[in-house]
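Let me begin by presenting the structure, written as structure tokens, before commenting on it.
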Amino acid sequence: MRPWIAPSLVAAVLALLLPALPAAAETVHFRSATVPPTPLQLRLAKEQAHPVPEPLSTKLSGELYRPADDGRFPAVVALHGCGGPGLREREDALGARFTALGYALLIADSFGPRGVTNGCSHDYWVRPADRVADAYGALAYLARLPFVDADRIALLGFSQGADVALSAVTPGGDESLFDRHFHTAIAYYPTCAGFNGTVSVPTAILIGELDDWTPAAACQKMMARRSREGAPLRLVIYPGAYHAFNAVTLRNRPMTYMGHHLEYNEAADRAAWAEMVAALRRAFGG
């Protein structure tokens, strides 16, 4: 008698092992999230007989991928690193892998709408708080779509986007300003220094052992000093892997960028993808 294998496990294995065919994306537009006026702003407006200040918001764009089937699906918001969104071919391949798992994917662009081509230099810096608002704006946008399960939306970040993801799920921080929250978070090679390790939803940090831009040692120190309050936080360190270890555009051609070594590592890429899929399955079910 053949053992029964869950269809969700089959989909995860296929998405891991088979090359992803390009997926068609829909370019969508949404606004960064805003917060209501503070009690002080409301009081001053009343005392001075002025209109209540209108929250500022940025019109953003993103690439949306959805499964071909009918129904309501879990979804993932992806945040790019300081280099901006990746090549369209790479985004399409990522979209195909997520839709093969039965998830919608929204890759948010924080830079293009602001006229920024590269955010790795402070000359072209986008405030972290603004990028957190972008993440929550994407969350709100997805939650309104009829084919998205609004209660099962995850946050995925890479490098600077991973820093934003950790900030977005830090209790008592910006996440407390919004009514709707992410269900889980995955951070690829974030800067752990300055992060206290407390998260409001189950979170995974995936980082390379040899990363010299966002050192894994900082994440280990963070894990050692965290209070264990909040939701579970998992740190996975991949031996022999550098920053951007999942960037297939670096395959067979490692490079130095802003003084840091970037290199693709197939073993780490596959292991991290499997780790991420497992985290999403735990959070979403199925």
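The values are calculated or read from the model by the stated rules, or taken from the named source; none is laboratory data. Keep in mind that what you see is a predicted model, and the values were worked out from it rather than measured. No Cβ is skipped: glycine too gets one built from the backbone with ideal geometry, and neighbour counts run over all protein chains shown.
Remarks
- Entry remark, segment 124-152: residues being buried (at least 24 other Cβ atoms within 10 Å of the Cβ) and within 30 Å of PRO215 (Cβ to Cβ) number 8 in total.
- Subset of segment 205-226 that is outside any helix (DSSP H, G or I) and charged (D, E, K, R) - its residue that is modelled with the lowest pLDDT: ARG226
- Residues that are small (Gly, Ala, Ser), at negative phi and outside any strand (DSSP E or B), drawn from segment 94-134: GLY95, ALA96, ALA100, SER110, GLY112, GLY119, SER121, ALA129, ALA133
- In segment 261-274, the residues that are surrounded by fewer than 19 Cβ atoms within 10 Å (Cβ to Cβ) reach residues that are among the basic types (Lys, Arg) with C-beta atoms within less than 9 angstrom, at least six apart or across chains, in these pairs: GLU266/ARG251; TRP273/ARG97.
- All told, CYS120 meets the bar of being out of contact with any Ser or Thr (no Cβ under 7 Å at 6 or more places or on another chain), modelled with pLDDT under 95 and either within 23 Å of ALA279 (Cα to Cα) or not basic (Lys, Arg) (or both).
- Whether a residue is small (Gly, Ala, Ser), under 16 Å from ALA187 (Cβ atoms) and either part of a helix (DSSP H, G or I) or touching a helix residue (DSSP H, G or I) at 6+ places or on another chain (Cβ under 8 Å) (or both) was assessed, and ALA279 passes this test.
- Residue match in segment 246-265 (condition: in a loop (DSSP other than H, G, I, E, B), touching a strand residue (DSSP E or B) at 6+ places or on another chain (Cβ under 6 Å) and of a type outside the set (Lys, Arg)): no
- Index of the failed condition, ALA283 passing every other in (1) under 25 Å from VAL148 (Cα atoms); (2) out of contact with any Ser or Thr (no Cβ under 7 Å at 6 or more places or on another chain): (2)
- Qualifying residue in segment 206-227 (condition: in contact (Cβ under 8 Å) with a residue 40 or more places away in the chain and out of contact with any Phe, Trp or Tyr (no Cβ under 9 Å at 6 or more places or on another chain)): no
- Members of segment 81-96 that are out of contact with any strand residue (DSSP E or B) (no Cβ under 6 Å at 6 or more places or on another chain) and either crowded, with 23+ Cβ neighbours inside 10 Å or not basic (Lys, Arg) (or both): CYS82, GLY83, GLY84, GLY86, LEU87, GLU89, ASP92, ALA93, LEU94, ALA96
- So VAL77, is it at pLDDT 95 or above, closer than 19 Å to THR203 by Cβ, part of a helix (DSSP H, G or I) and β-branched (Val, Ile, Thr): no
- Residue identified as out of contact with any Gly (no Cβ under 8 Å at 6 or more places or on another chain), surrounded by 24 or more Cβ atoms within 10 Å (Cβ to Cβ) and of a type outside the set (A, V, I, L, M) among ASP174, ASP211: ASP211
- Residue within segment 177-186 that is in contact with a Gly (Cβ under 9 Å, 6 or more places away or on another chain), crowded, with 19+ Cβ neighbours inside 10 Å and of a type in the set (Ser, Thr, Tyr) present: no
- Test: residue in segment 148-169 that is outside any strand (DSSP E or B) and farther than 18 Å from LEU79 by Cα: no
- Enumeration of residues in segment 97-110 that are surrounded by fewer than 21 Cβ atoms within 10 Å (Cβ to Cβ) and among the hydrophobic types (A, V, I, L, M, F, W, C): ALA100
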